[in-house]
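Asks: My questions all concern the structure below.
The values are calculated or read from the model by the stated rules, or taken from the named source; none is laboratory data. Since we're looking at a predicted model, the values are computed, not measured. Glycine also receives a Cβ, built like all others from the backbone with ideal geometry; neighbour counts cover every protein chain displayed.
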């Protein structure tokens, strides 16, 4: 974090990282997220295998001991007798993974699009921005759903082809792997679909910044030195955009996580046996009733998801306050 | 002004045209068709159905024939719900979404502006911190979490309100709260930032200097200018809320327009989908126009020209 960009004195307050470091909620959020990510990706390896499969103990309350094996279900079990604590952690892996990779994809598209549009300017810029305006006019959910439908059948066909090919050649391990990966292909589908849709805001913001940056004298100077457009973009503009990009990456991750869980909640996203916060919440919402409430199935995923999103938003807000003081939400 | 409106009308029609074209072509290009799951699905049956629903011929022929029908204001018939025309589906599903979305919009805009203004006037006090912390919490918690929790507390535990469904005013309360909550927060944050900027400006210093109290200065002079960015945000928000929310409709068991988008894509039911996109785009265009007109009313320096 210490290597603050030195060239940004004109546009940003010079000590942006200092401002972030003094922002208590943002720093607490950063520590929380770091610890949480590490735990979510390491703890499942140390859990006993009895916790990782279905069991006969369905709907056990928190802290109950297992029916088939001598284990404790810290957060209870769901309708298939799966341990909720384990599912919460793997669900966090999927949700965070989709959020981070999806946001990174949209970031790359948005940055490239915005930089090209802003830098070339004129008619190209006008046309490219009209395209963004137009895409804004169509509900986002439409594109996401269309991408999911297209990619889903593509990936399933592809894996099926591998499976059948392996079957013919007698490679049983490849065949098994293809069959095992089938339900998990939805994760990749979600990453691509959301990544391809979420870049519009990023493109607009980057373009706005590039429009300001390209008028500055160091750009004229590097042009006079004979550098090509691409070199100017990569060597001079990109470093100046890095903090803005980081800021909006932090704010896009919760947006992608929300979209993913929204779709999974409706049963259109992540499918069993894979889990995400959205699919866990769907399972939890299905079993609330006044007589016999299985509160843990709703409460634990809800708290975990809300806390993570809150931390991401606090961090993103802190970064934005530090590096993009002009922004009005 | 007339030139402005004319140009606006032209560009609106263009946007509508592109949005519908994109929706139609993309949906038709998706793998799987609307008649794939027909019983005894022989090629003959599929061909007859395609002809009946005017989905035969090349993609270009389908597209041009649909556009011709749209030009005659014919939204065609659903391929999934066979006896229903798209106009009937929209007429049946839109009213509940309009009502719920309208209420949520009014709550979000008034409460949001109020909270944001109070937070800005009490800058860096516990009131401000509390309001902004609450706003971030409201933004971070998605409606499919608040919905079930509202139901669990107010419907199942306290038994004050019905669990879901549609009928009298009591059915509206929980979904309206659930739907408006994040948007109250967005509006409040926007309003606070905008008002903070305005409070620093010279004309407010003048207002204070001539003896107005802070509250008078804000209500008579600052609010009118500070509300401009909020108004910009409220335009698309109105279009969004009025076309329904799939989540809130699912959680509270309401038959609204929000489900049309998702269900139609699932069923490859292209005409209701295009119908819903037309409604959404039209609302978006209308509300953005209202925003621009409001701008020139609120800030006399802004002139509308083509």
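Per-residue answers, yes or no, for (1) within 14 Å of another protein chain (Cβ to nearest Cβ); (2) farther than 24 Å from residue B:175 by Cβ; (3) buried (at least 21 other Cβ atoms within 10 Å of the Cβ):
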residue	(1), (2), (3)
B:215	no, yes, no
B:228	yes, yes, no
B:234	yes, no, yes
B:251	yes, no, yes
B:257	yes, no, yes
B:266	yes, no, no
B:274	yes, yes, yes
B:293	no, yes, no
B:301	no, yes, no
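Asks: Only one of A:146, A:187 is surrounded by 19 or more Cβ atoms within 10 Å (Cβ to Cβ) and farther than 30 Å from residue B:16 by Cβ. Can you tell me which?
Replies: A:187
Asks: Here is a follow-up. In region A:119-146, which residues are free of Cβ contacts under 8 Å to residues at least 12 places away in the same chain and facing another protein chain (nearest Cβ under 9 Å)?
Replies: A:133, A:134, A:137, A:138, A:139, A:141, A:142, A:146
Asks: Another question about this same structure. Keeping to region A:219-230, report how many residues are more than 23 Å from residue A:126 (Cα to Cα) and loosely packed, with under 15 Cβ neighbours inside 10 Å. Walk me through how you get there before you give the answer.
Replies: Here is the first cut: in region A:219-230, the residues more than 23 Å from residue A:126 (Cα to Cα) are A:221-227.
Filter again for loosely packed, with under 15 Cβ neighbours inside 10 Å, leaving A:221, A:224-226.
Final tally of qualifying residues: 4.
Asks: Given the structure, is residue B:152 over 22 Å from the mean Cα position of the chain (by Cα), within 14 Å of another protein chain (Cβ to nearest Cβ), within 30 Å of residue B:197 (Cα to Cα) and buried (at least 20 other Cβ atoms within 10 Å of the Cβ)?
Replies: no
Asks: Within region A:237-260, is even one residue within 14 Å of another protein chain (Cβ to nearest Cβ), loosely packed, with under 14 Cβ neighbours inside 10 Å and not in a loop (DSSP other than H, G, I, E, B)?
Replies: Among the residues of region A:237-260, not one is within 14 Å of another protein chain (Cβ to nearest Cβ), loosely packed, with under 14 Cβ neighbours inside 10 Å and not in a loop (DSSP other than H, G, I, E, B), which makes the answer no.
For every residue, the table says whether it meets (1) on the phi < 0 side of the Ramachandran plot; (2) away from every other protein chain (no Cβ under 14 Å); (3) free of Cβ contacts under 8 Å to residues at least 40 places away in the same chain; (4) in contact with a helix residue (DSSP H, G or I) (Cβ under 6 Å, 6 or more places away or on another chain).
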{"position": "A:96", "(1), (2), (3), (4)": "yes, yes, no, no"}
{"position": "A:107", "(1), (2), (3), (4)": "yes, yes, no, yes"}
{"position": "A:111", "(1), (2), (3), (4)": "yes, yes, no, yes"}
{"position": "A:148", "(1), (2), (3), (4)": "yes, no, no, yes"}
{"position": "A:155", "(1), (2), (3), (4)": "yes, no, yes, yes"}
{"position": "A:176", "(1), (2), (3), (4)": "yes, yes, yes, no"}
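Asks: Among the residues in region B:87-100, are any within 14 Å of chain A (Cβ to nearest Cβ) and within 24 Å of residue B:243 (Cα to Cα)? Even if it seems obvious, please write down each step before you answer.
Replies: Going residue by residue through region B:87-100, those that are within 14 Å of chain A (Cβ to nearest Cβ) are B:97.
Narrowing further to those that are within 24 Å of residue B:243 (Cα to Cα): B:97.
Looking for residues that are within 14 Å of chain A (Cβ to nearest Cβ) and within 24 Å of residue B:243 (Cα to Cα), one finds at least one in region B:87-100, hence yes.
Asks: I would also like to ask the following. Across region B:165-197, what is the number of residues that are out of contact with any helix residue (DSSP H, G or I) (no Cβ under 7 Å at 6 or more places or on another chain), within 13 Å of another protein chain (Cβ to nearest Cβ) and closer than 18 Å to residue B:245 by Cα?
Replies: Total meeting the criteria: 0.
Asks: Are there any helices (runs of 4 or more DSSP H) wholly within region B:212-267 with 3 or more residues that are within 21 Å of the chain's Cα centre (by Cα), and if so which? Spell out how you get there, then give the answer.
Replies: Numbers: elements: B:214-217, B:223-226, B:228-242, B:246-251, B:258-266.
Passing ranges, in order: B:228-242, B:246-251, B:258-266.
Asks: Mind telling me which of the residues A:227, A:167, A:231 ends up being free of Cβ contacts under 8 Å to residues at least 60 places away in the same chain and in contact with a helix residue (DSSP H, G or I) (Cβ under 6 Å, 6 or more places away or on another chain)?
Replies: A:167
Asks: Only residues in region B:111-138 that are on the phi > 0 side of the Ramachandran plot count as the first member; pair them with residues that are outside any helix (DSSP H, G or I), Cβ under 9 angstrom, at least 6 apart or cross-chain, and list the lot.
Replies: Filtered contacts from region B:111-138: no entries.
Asks: Next up: Give the residues of region B:58-72 that are more than 22 Å from residue B:90 (Cα to Cα) and assigned to a helix (DSSP H, G or I), sorted by residue number.
Replies: Hits for region B:58-72 are B:59, B:60, B:61, B:62, B:64.
Asks: Would you check if there is a residue in region A:195-202 being away from every other protein chain (no Cβ under 14 Å), over 21 Å from residue A:319 (Cβ atoms) and crowded, with 22+ Cβ neighbours inside 10 Å? If you could, list the steps in order and put the result at the bottom.
Replies: Of region A:195-202, the ones away from every other protein chain (no Cβ under 14 Å) are A:195, A:198-199, A:202.
Now narrow it down to the ones that are over 21 Å from residue A:319 (Cβ atoms): none.
Scanning region A:195-202 turns up no residue that is away from every other protein chain (no Cβ under 14 Å), over 21 Å from residue A:319 (Cβ atoms) and crowded, with 22+ Cβ neighbours inside 10 Å.
Asks: Which count do you get for residues in region A:265-279 that are at the interface with chain B (Cβ under 10 Å from one of its Cβ atoms) and crowded, with 24+ Cβ neighbours inside 10 Å?
Replies: Within region A:265-279, residues that are at the interface with chain B (Cβ under 10 Å from one of its Cβ atoms) and crowded, with 24+ Cβ neighbours inside 10 Å number 3.
Asks: Go through region B:161-174 residue by residue and tally those that are surrounded by fewer than 17 Cβ atoms within 10 Å (Cβ to Cβ) and either modelled with pLDDT of 85 or more or assigned to a helix (DSSP H, G or I) (or both).
Replies: Within region B:161-174, residues that are surrounded by fewer than 17 Cβ atoms within 10 Å (Cβ to Cβ) and either modelled with pLDDT of 85 or more or assigned to a helix (DSSP H, G or I) (or both) number 2.
Asks: In the list A:329, A:324, which residue meets the criterion of being modelled with pLDDT under 85, more than 10 Å from chain B (Cβ to nearest Cβ) and surrounded by fewer than 22 Cβ atoms within 10 Å (Cβ to Cβ)?
Replies: It is A:324.
Asks: Shifting gears a bit: Which residue pairs have Cβ atoms under 6 Å apart, sit 6 or more places apart or on different chains, and have a first residue in region B:233-260 that is closer than 17 Å to residue A:288 by Cβ and a second that is modelled with pLDDT of 90 or more?
Replies: B:248/B:175; B:248/B:178; B:248/B:179; B:252/B:175
Asks: Take residue A:35 and decide whether it is exposed (fewer than 12 other Cβ atoms within 10 Å of the Cβ), over 30 Å from residue A:216 (Cα atoms) and modelled with pLDDT of 70 or more.
Replies: yes
Asks: For region B:130-147, check the following and say yes or no: at least one residue is assigned to a loop (DSSP other than H, G, I, E, B) and more than 9 Å from every other protein chain (Cβ to nearest Cβ). Give the steps one after another, and end with the answer.
Replies: Step one: filter region B:130-147 for residues assigned to a loop (DSSP other than H, G, I, E, B), giving B:141-142.
If we keep only those that are more than 9 Å from every other protein chain (Cβ to nearest Cβ) too, we end up with none.
Checked against the condition, which is being assigned to a loop (DSSP other than H, G, I, E, B) and more than 9 Å from every other protein chain (Cβ to nearest Cβ), region B:130-147 yields no hits at all.
Asks: Testing residue A:284 on (1) facing another protein chain (nearest Cβ under 10 Å); (2) farther than 23 Å from residue B:154 by Cβ; (3) touching a helix residue (DSSP H, G or I) at 6+ places or on another chain (Cβ under 7 Å); (4) not in a loop (DSSP other than H, G, I, E, B), one condition comes back false. Which one is that?
Replies: Unmet condition: (2).
So that you can scan it fast, the table gives a plain yes or no per residue for (1) without any contact (Cβ under 8 Å) to a residue 12 or more places away in the chain; (2) surrounded by 13 or more Cβ atoms within 10 Å (Cβ to Cβ):
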| position | (1), (2) |
| --- | --- |
| B:13 | yes, no |
| B:23 | no, yes |
| B:54 | no, yes |
| B:59 | no, no |
| B:64 | yes, no |
| B:70 | no, yes |
| B:73 | yes, no |
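Asks: Return yes when residue B:75 is in a helix (DSSP H, G or I) and either more than 30 Å from residue B:190 (Cβ to Cβ) or within 14 Å of chain A (Cβ to nearest Cβ) (or both) and no when it is not.
Replies: Answer is no for this residue.
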